[in-house]
Structure formats: C-alpha cells, structure tokens
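Participant: Sharing a structure here in structure tokens format.
The values are calculated or read from the model by the stated rules, or taken from the named source; none is laboratory data. Predicted model only: the values in this text are computed from it and were never measured. Please note: Cβ atoms are built from the backbone with ideal geometry, for glycine as well, and neighbour counts cover all protein chains shown. What goes into the accessible areas is simple: the full protein's heavy atoms, side chains included, and nothing from ligands, DNA or RNA. Shrake-Rupley method; radii C 1.70, N 1.55, O 1.52, S 1.80 Å.
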Amino acid sequence: MTFAWKAAGLSYLKYTQICARAVRNSLKDDLRLAAQRRDEQGLKFAKWEAGKQGEFKPVDETQRSR
Amino acid sequence: MTFFARIVRGGGGAVLRNNNFRVNNTFVTSVRHYAAETSASNNLKLSFALPHQTIYKSIEVQQVNISASSGDMGILANHVPSIEQLKPGIIEITENPNSTKKYFVSGGFAVMNNNSSLDINAVEAFPLNDFSIENIRTNLAEAQRIVASNMSEEEKNIARVEIDVYEALQSAIGKSS
C-alpha cells in the first residue's frame, strides 16, 4: 500500500505534524490558541570543538532530512 | 511422523491436522496465541494517550471504532492482536450501552494486545464539539487556494494533506449534527 503522503515525498513524522497542525487550526478560537502553542517546536545545535562549545544554531526546517 | 501428526485423507489429498511435528527428534509445537486464552473479562481495556494528555488509562469499555489506514474497524474485547495506523478521523468509544464518546484524532496508532487491552496513541484528539465549522471551512478554502496557485509543489503537497484532514473533519462533524 502506498500512501499519498509518502508518494508526495513527506516523511511520516512530517505528515503527522501537518495533520496535527490542521486539527489544531480547526478548533474553536479559545481552544485553538491554547493548542497552537504545542505547534512551536524547534531544535538548536552547537558544535563542540577542542573542548569548547560553539555557537548555537537553529536547525533549519528546509535542511531536515525527510 | 505418523505417530505425531495425524494425516487425514480426504478427496483432495492429505491434510495435516495436528500442530505437533517431530523435527530432528525434538518436539516443535506451534502455539497460537489468541486473546480469548488470556482474558478473564469480557470488556476491552482502553488506554488512549496523547503526548500532552491521557484521556483513558486502562478503562474498561465495550467497543471502540477506529478509522485505520486500512479501513474503518470496530474493536471488541478478545480481538486478534494487531497494529493499525490511524488516519485523521473519528475514534468512537462505546463505554457502555448508554454512553458513547467521539473524538477526532489527527493520526497515530492503535495497538491491540492479546490480553484484551487496546492502546491508542495520537498526536491530537478532541471531542467533536471542540471544533469550529467556520474555522474548518476557512482553512479548507485556504488550502484549496494553495493547491490551485502557482506555489511550489512542496507547499501544494502539504496543502493536499491538509485538505484531507479538513474534509475528514467536515464529514465527522456533519455526521454528528
């Protein structure tokens, strides 16, 4: 069985993320605002070199592996 | 061989009717695990959890209807063990003949264990009356606009997934009202 999202080049995580966001955006306004806070997730990384922590950089959405 | 496995001769040929086989002088017994063997209760034990909330924690219910990727299905106690991927759709929980609850889930997995316990994990789940028909309609129109526009194919694919969710929401809410 081939899923439409897979054929479209989305990963399962990406797909569930899109679905969850769509569900949150469809809530009644008061509930929606509380739920939408869960949508904001980010990842930062810093490279350690010679025992020193480098600069924190956010992981760009477009660079994430799919 | 004939001592351990009875061979029944029928019109079509020989059929093995025993699960015991003698292989290299050791017994190999194939054991078939069915839920009925281990369950004492006739009720389904439901756990329904989201990353941020537990909705049911080992609560006995009568029946759960899920919309799986392979189709809609109803689960009762003693269901054969299986794992189903959930698509955006309704989870209908019949707690008892007088009380049925409906949730819309964004997607996840349902795991039926062989002791009549059912674990449902979803990213988001809300009762149907938490949704705003106007917001769904606005979002659907926006997603359809993106698909029809000259945006990148990536944006359009995301919008196509969203359209499926909004349409599932619309039909879920339409059915309940």
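Participant: Work out the FRET efficiency for A:Q36 and B:E153 from their Cβ-Cβ distance, taking R0 = 30 Å, and round it to the nearest 0.05. Can you show the working numbers first?
Facilitator: On the way: r = 27 Å, r/R0 = 0.88.
Efficiency, from the Cβ-Cβ distance: 0.70.
Participant: Write down the accessible area per residue of segment B:36-129 in Å², having rolled a 1.4 Å probe over the full set of protein chains.
Facilitator: 46
Participant: Share of segment B:61-161's accessible area from carbon and sulfur, percent, 1.4 Å?
Facilitator: Carbon with sulfur: 49 percent of the solvent-accessible area.
Participant: Another one. Semi-axes of segment B:75-126's equivalent ellipsoid from the Cα gyration tensor, sqrt of 5 times each eigenvalue, largest first, rounded to whole Å?
Facilitator: The three semi-axes for segment B:75-126 are 18, 16, 7 Å.
Participant: Between the helical axis of A:12-25 and the dominant principal axis of chain A, each derived from Cα atoms, what acute angle in degrees is found, rounded to the nearest 10?
Facilitator: For helix A:12-25, the angle is close to 60 degrees.
Participant: Given the peptides A:47-54, B:155-162, A:3-10, A:15-22, arrange them by the average over their residues of other C-beta atoms within 10 Å, most packed first.
Facilitator: By packing density, highest mean first, the sequence is A:15-22, B:155-162, A:3-10, A:47-54.
Participant: Follow-up. Once the other residues with Cβ under 14 Å from the Cβ of B:G107 are scored (Lys, Arg +1; Asp, Glu -1), what is the net sum? Walk me through the numbers before you get to the answer.
Facilitator: On the way: positive: A:K6, A:K14, A:R21, A:R24, B:K87; negative: B:E84, B:E124, B:E162, B:D164.
Here the charged neighbours net out to +1.
Participant: Taking a ≥ b ≥ c as the square roots of the Cα gyration tensor eigenvalues, with a/c under 1.5 meaning rounded and otherwise prolate when a/b beats b/c, else oblate, which class fits chain A?
Facilitator: oblate
Participant: Follow-up. Hey, with R₀ at 51 Å, roughly what FRET efficiency would A:A8 and A:F56 work out to, going by the Cβ-Cβ distance, to 0.05? Walk me through the intermediate numbers first.
Facilitator: Details: r = 32 Å, r/R0 = 0.64.
After rounding, the FRET efficiency stands at 0.95.
Participant: Using a 1.4 Å probe on protein heavy atoms only, how many Å² of accessible area do B and A hide from each other, summed over both chains and rounded to 100?
Facilitator: Values: alone 11210 and 6080 Å², together 15080 Å².
Summing both chains' loss of accessible area gives about 2200 Å².
Participant: Express the accessible area of segment B:131-176 per residue in Å², computed with a 1.4 Å probe while the remaining protein chains stay in the model.
Facilitator: In whole numbers, segment B:131-176 has 55 Å² accessible per residue.
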